[in-house]
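Presented below is the structure to which this report refers.
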Amino acid sequence: MEIFMTMSLLTLFFGFFCLCKLLLQRKDQSCYMLAYECYKAKEDMKLNCDSSAKIVMQNKNLGLEELRFLLKTIVSSGIGEETSCPRNIIEGRNPARADELCEMDGIIFDTLDKLFARPTSISPSQIDILVVNVSMFSPAPSLTSRIINRYRMKEDIKTFNLSGMGCSASLIAIDVVQNLFKSYKNANAIVVSTESIAPNWYCGKEKSMMLTNCLFRSGGCSMLFTNNRGLKQQAMLKLKHLVRTHIGSSDEAYDCCIQAEDESGYQGFRLTKHLTKAAALAFRMNLQVLAPKVLPLREILRYLAVSRLKSAKSQKLKADEGVGLNLKTGIEHFCIHPGGRAIIDGIGKSLGLSDYDVEPSRMALYRFGNTSAAGFWYALGYMEAKQRLKKGNRILMSGFGAGFKCNNIVWEVLKDFDDANVWKDCIESYPPKILVNPFMEKYGWLNDEYLSFLRLDFSQLFA
């Protein structure tokens, strides 16, 4: 009997020890964001209506049909006149290697200089992990090596260069960081997210590849993370959940968003009609995993009950019936990737979001354009500048990437936000009463019927 009691106590003690160890390990695995800095381009890189038209007319392959398509696309794109692009594109020069590196250095070093200048008590020599994601540019030495060389970082730093990941790459980079945090205690990490535009401007006339010229603009963001609980008081956000979904096993999904050459040999990025279908499928699969992690039990039970009732009646769900999952019961703010107006409106509608909910993403698109993986942080900056984010709030970041993948991340706000950041010079004028650009007013004459019967040199007309 005594032996049995002793064995039972030892078992209980061992179980209690393992539980305490597990809890302590989980505490050490927390991922906190200490700060972030978004890139704001110089004035001579701005793309207004007239400079955009000049860039378009540098492409001698375009005819009336292509010009009308571009006009229709840019008018409905949701992009304003304050976006930016590299100087070689504005000047009409073919990119040299120096242009490609200058673009990257300008964005990366500008944001990192500002990040390290923040009162975070973290210096470049204290960085343990460095992750850089640029989908369309991968030089040698790598971009991480250029950063290490400039800031004289330590020899045992762990570096990762991510390419080809698309617009949700910064969320993938954060996933890399949080997994490394499980192996390294009291570590500090930097994530740099941007995209290379200078060498990737499409010069052909295939419509599915011309879309990227209308949407993608210069931008970037550098972020500072830690799992050091001693720095929690300085942290802005805490990572709560991150779910990644990849449906690249489907040929249709894999090919819907792909870098390729057109029939004339011009390289660009092709967006096919299957993109929306792939995005909807990946998003639905991702939410099936994420929703139980963030929603209260009562909302999940309500959804199951309504779905069961609908199934019994063999009725189809309608978007306006309000019987879908109500993510607002577990999420206060929605940071949809500002990849385009159709993406923002589509996700907003599927989640039953209001204009207020999608305003940050719409304004980020209007002011900065589609800045690829950095787009999330311009939308987050808008929320911060508007002082929407309060301690205890939860933020959902949702994005898609080539391959095809959907990544969602949920943050917890650890303190009230009040920094105007990259929006400080213009936040008072946002949101504008109407989101318009002057392209149709200035170039609507391209739709006149009589132009179809004339042979004109459009470059001379625009000049």
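The values are calculated or read from the model by the stated rules, or taken from the named source; none is laboratory data. Predicted, not measured: the structure shown is a model, and the values here were computed from it. Cβ placement follows ideal geometry from the backbone for every residue including glycine, while neighbour counts extend to all protein chains displayed. All accessible areas refer to the heavy atoms of the entire protein, side chains included, with ligands and DNA or RNA removed. Shrake-Rupley method; radii C 1.70, N 1.55, O 1.52, S 1.80 Å.
Answer yes or no as to whether Ala278 is in contact (Cβ under 8 Å) with a residue 12 or more places away in the chain, surrounded by 13 or more Cβ atoms within 10 Å (Cβ to Cβ) and more than 19 Å from the chain's Cα centre (by Cα).
no
Taking the stretch 328-447 and the helices (runs of 4 or more DSSP H) fully enclosed by it, the elements with 1 or more residues that are small (Gly, Ala, Ser) and under 24 Å from Lys40 (Cβ atoms) are at 355-368, 375-385.
Here are some residues: Ala379, Ala402, Ala385, Ala420. Which one is hydrophobic (A, V, I, L, M, F, W, C) and touching a Pro at 6+ places or on another chain (Cβ under 9 Å)? Even if it seems obvious, please write down each step before you answer.
Working: Ala402 fails: touching a Pro at 6+ places or on another chain (Cβ under 9 Å); Ala385 fails: touching a Pro at 6+ places or on another chain (Cβ under 9 Å); Ala420 fails: touching a Pro at 6+ places or on another chain (Cβ under 9 Å).
From the options Ala379, Ala402, Ala385, Ala420, the qualifying one is Ala379.
In the set Trp377, Trp411, only one residue is farther than 26 Å from Leu70 by Cα, modelled with pLDDT of 95 or more and under 10 Å from the mean Cα position of the chain (by Cα); that residue is Trp377. Residue pairs whose Cβ atoms lie under 9 Å apart, sitting 6 or more positions apart in sequence or on different chains, and linking a residue in the stretch 50-63 that is within 14 Å of Met210 (Cα to Cα) and in a loop (DSSP other than H, G, I, E, B) to a partner that is open to solvent by 70 Å² or more (accessible area, probe 1.4 Å) and polar (S, T, N, Q), are Asn61/Ser264. Can you tell me which residue in the stretch 179-215 is farthest from Val75 (Cα to Cα), limited to those that are of a type outside the set (A, V, I, L, M), under 18 Å from the mean Cα position of the chain (by Cα) and modelled with pLDDT of 95 or more? By that ranking, first place goes to Ser193.
How many of the residues in the stretch 119-170 are among the polar types (S, T, N, Q), in contact with a helix residue (DSSP H, G or I) (Cβ under 7 Å, 6 or more places away or on another chain) and within 17 Å of Gly219 (Cα to Cα)? Talk me through it step by step, then tell me what you get.
Filtering the stretch 119-170 for residues among the polar types (S, T, N, Q) gives 120-121, 123, 125-126, 133, 135, 138, 142, 144-145, 149, 159, 161, 163, 168, 170.
Going one step further and asking which of them are in contact with a helix residue (DSSP H, G or I) (Cβ under 7 Å, 6 or more places away or on another chain), we end up with 120, 123, 133, 135, 159, 161, 168, 170.
Remaining after also requiring within 17 Å of Gly219 (Cα to Cα): 133, 135, 168, 170.
Residues in the stretch 119-170 being among the polar types (S, T, N, Q), in contact with a helix residue (DSSP H, G or I) (Cβ under 7 Å, 6 or more places away or on another chain) and within 17 Å of Gly219 (Cα to Cα): 4 in total.
Of the residues contained in the stretch 83-102, one or more are found to be buried (at least 21 other Cβ atoms within 10 Å of the Cβ), of a type in the set (Gly, Ala, Ser), farther than 17 Å from Gly268 by Cα and touching a residue at least 40 places away in the same chain (Cβ under 8 Å).
Answer yes or no: is there a residue in the stretch 223-234 that is of a type in the set (A, V, I, L, M, F, W, C), surrounded by fewer than 22 Cβ atoms within 10 Å (Cβ to Cβ) and at negative phi. The answer is yes; a qualifying residue exists.
I need the full set of residues from the stretch 235-254 which are open to solvent by 70 Å² or more (accessible area, probe 1.4 Å) and either touching a strand residue (DSSP E or B) at 6+ places or on another chain (Cβ under 9 Å) or of a type in the set (Gly, Ala, Ser) (or both), in order please. Matches in the stretch 235-254: Lys240, Arg244, His246, Ser249. No other residue among Ser145, Ser218, Ser183 is part of a loop (DSSP other than H, G, I, E, B) and surrounded by fewer than 24 Cβ atoms within 10 Å (Cβ to Cβ) apart from Ser183.
Out of Asp156, Asp110, Asp105, one residue alone is open to solvent by 30 Å² or more (accessible area, probe 1.4 Å), part of a loop (DSSP other than H, G, I, E, B) and at pLDDT 95 or above. It is Asp156. Criterion first (open to solvent by 10 Å² or more (accessible area, probe 1.4 Å), under 26 Å from Cys256 (Cβ atoms), at pLDDT 95 or above and not polar (S, T, N, Q)) does Arg362 satisfy it? In short, yes. Is it the case, given these coordinates, that Val323 is β-branched (Val, Ile, Thr), over 14 Å from the mean Cα position of the chain (by Cα) and either at pLDDT below 95 or open to solvent by 10 Å² or more (accessible area, probe 1.4 Å) (or both)? Yes; evaluated as a whole, the condition is true for this residue.
Restricting the first member to the stretch 433-455 and to residues that are open to solvent by 60 Å² or more (accessible area, probe 1.4 Å), and the second to residues that are modelled with pLDDT of 80 or more and in a loop (DSSP other than H, G, I, E, B), the beta-carbon pairs closer than 9 Å and six or more apart or on different chains are Leu435/Gly78; Leu435/Gly80; Val436/Gly80. Close Cβ contacts (under 6 Å, 6 or more residues apart or on different chains) running from residues in the stretch 160-171 that are among the hydroxyl-bearing types (Ser, Thr, Tyr) to residues that are part of a loop (DSSP other than H, G, I, E, B) comprise Ser163/Ser135; Ser163/Ser138.
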